[in-house]
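Next up is a structure, given as structure tokens.
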Amino acid sequence: MISGPAEPQGRPRASEFVFARLRYDSGDWDYNPKVAANVLNSVVEYTTIRVFPEEVVITAASDELLAFPFLFMTGHKLVRFSAKERKGLQAFVENGGLLFSDDCNHDVNGLYARSFEEEMRTTFGDAGRLPKIPSHHPVYRSFFRFASGPPQTSHELNGWGDELVHDYLRGLEHRSRLGVLYSNKDYGCEWDYDWRNKRFQREDNTKFAVNVVVYAMTA
């Protein structure tokens, strides 16, 4: 069942992009609460995609999960899914959905990273090993062009987490299309600010989020 602030707005239209956030019981799934509004603002600003104005929160076990083309997941802590949630995520990917999982620890050996990767292997088998995505992948040119692959985040450059700048993202493809996009770069914290403060940014750091949305809606 869908829950969260979307209810007063009514139900999304089929043509609208919905920022859906994955709720999971084992960790801090609701971290970075301003990400949705910021990303939605950028989609409106740069593209002609119609958006539903509120974040929708949903579980992987929900019967309504397949209605959404995009699912955002984040946190620092343990990731554990039930058998029903794993089946839901399998069906979501097999039906063309894109799960974007962003590790707030930006740490390849942190708790979120280890447990999320284990869940992906359990859920998807060998495909869940999440190989590195090459810098020429369509997600890096679906709207804006990122010739060198994923943009860096200030959290990486400031030496938090594993003190590495990750020049790659990882992912799972189903029928030549990304079904899982996995980041150790902490984009969630990078995008967690009031969208009206974007004017203070030298470069809009949510542009890559636009690429992910456009890819999810069109690939």
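The values are calculated or read from the model by the stated rules, or taken from the named source; none is laboratory data. These numbers were taken from a predicted model, which means no experiment stands behind them. Glycine gets a Cβ as well: all are built from the backbone with ideal geometry, and neighbour counts include every protein chain shown. Heads up: the accessible areas ignore ligands, DNA and RNA and are worked out on the full protein's heavy atoms, side chains in. Shrake-Rupley method; radii C 1.70, N 1.55, O 1.52, S 1.80 Å.
Starting from segment 146-162, keep only residues that are closer than 16 Å to Ala209 by Cα, then list their pairs with residues that are among the β-branched types (Val, Ile, Thr) and modelled with pLDDT of 95 or more whose Cβ atoms are within a distance under 9 Å, requiring at least 6 positions of separation or different chains.
What qualifies is Phe146/Val139; Gly149/Ile133; Pro150/Ile133; Pro150/Val139.
Something else now. Across segment 201-211, what is the total count of residues that are surrounded by fewer than 22 Cβ atoms within 10 Å (Cβ to Cβ), touching a Phe, Trp or Tyr at 6+ places or on another chain (Cβ under 9 Å) and of a type outside the set (S, T, N, Q)?
Count: 3.
Quick grid of which residues meet (1) at positive phi; (2) part of a helix (DSSP H, G or I); (3) open to solvent by less than 30 Å² (accessible area, probe 1.4 Å):
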residue	(1), (2), (3)
Ile49	no, no, no
Ala60	no, no, yes
Met73	no, no, yes
Val79	no, no, yes
Lys87	no, yes, no
Phe100	no, no, yes
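So, of the residues in segment 155-200 that are of a type in the set (S, T, N, Q) and open to solvent by less than 50 Å² (accessible area, probe 1.4 Å), which turns out to be modelled with the highest pLDDT?
Among them, the one singled out is Ser183.
Pull up segment 181-204, narrow it to residues that are of a type in the set (S, T, N, Q) and more than 15 Å from the chain's Cα centre (by Cα), then point me to the one that is farthest from Asp107 (Cα to Cα). First the steps, then the outcome.
Within segment 181-204, the subset of a type in the set (S, T, N, Q) is 183-184, 197, 201.
Imposing the further condition that a residue be more than 15 Å from the chain's Cα centre (by Cα) reduces the set to 197, 201.
Details: Asn197: 28, Gln201: 25 Å.
The extreme case among them is Asn197.
Given the criteria in contact with a strand residue (DSSP E or B) (Cβ under 7 Å, 6 or more places away or on another chain) and within 21 Å of Ala60 (Cα to Cα), does Leu169 qualify?
Here the answer is no, as Leu169 does not meet what is asked.
Now for a separate question. Being of a type outside the set (Phe, Trp, Tyr), surrounded by 21 or more Cβ atoms within 10 Å (Cβ to Cβ) and either under 21 Å from Phe72 (Cβ atoms) or in contact with a Cys (Cβ under 8 Å, 6 or more places away or on another chain) (or both): is that true of Pro150 here?
So Pro150 fits the description; yes.
Yes or no: segment 114-137 includes at least one residue that is more than 15 Å from the chain's Cα centre (by Cα), within 14 Å of Phe208 (Cβ to Cβ) and open to solvent by 40 Å² or more (accessible area, probe 1.4 Å).
Yes, because at least one residue in segment 114-137 is more than 15 Å from the chain's Cα centre (by Cα), within 14 Å of Phe208 (Cβ to Cβ) and open to solvent by 40 Å² or more (accessible area, probe 1.4 Å).
Go through (1) at negative phi; (2) surrounded by fewer than 23 Cβ atoms within 10 Å (Cβ to Cβ) and name the single condition Gly96 misses.
Among (1) at negative phi; (2) surrounded by fewer than 23 Cβ atoms within 10 Å (Cβ to Cβ), the lone unmet condition for Gly96 is (1).
Any residue in segment 89-110 that is at pLDDT below 95, out of contact with any helix residue (DSSP H, G or I) (no Cβ under 7 Å at 6 or more places or on another chain) and closer than 30 Å to Asp194 by Cβ?
yes
From the list Asn32, Asn109, Asn105, Asn38, which residue is of a type in the set (S, T, N, Q) and open to solvent by 70 Å² or more (accessible area, probe 1.4 Å)?
Step by step, each of Asn32, Asn109, Asn105, Asn38 is checked, and only Asn109 is of a type in the set (S, T, N, Q) and open to solvent by 70 Å² or more (accessible area, probe 1.4 Å).
Okay, moving on. What's the number of the condition Asp186 fails, among (1) in contact with a Cys (Cβ under 6 Å, 6 or more places away or on another chain); (2) under 20 Å from Val93 (Cβ atoms)?
Asp186 satisfies all of (1) in contact with a Cys (Cβ under 6 Å, 6 or more places away or on another chain); (2) under 20 Å from Val93 (Cβ atoms) except (2).
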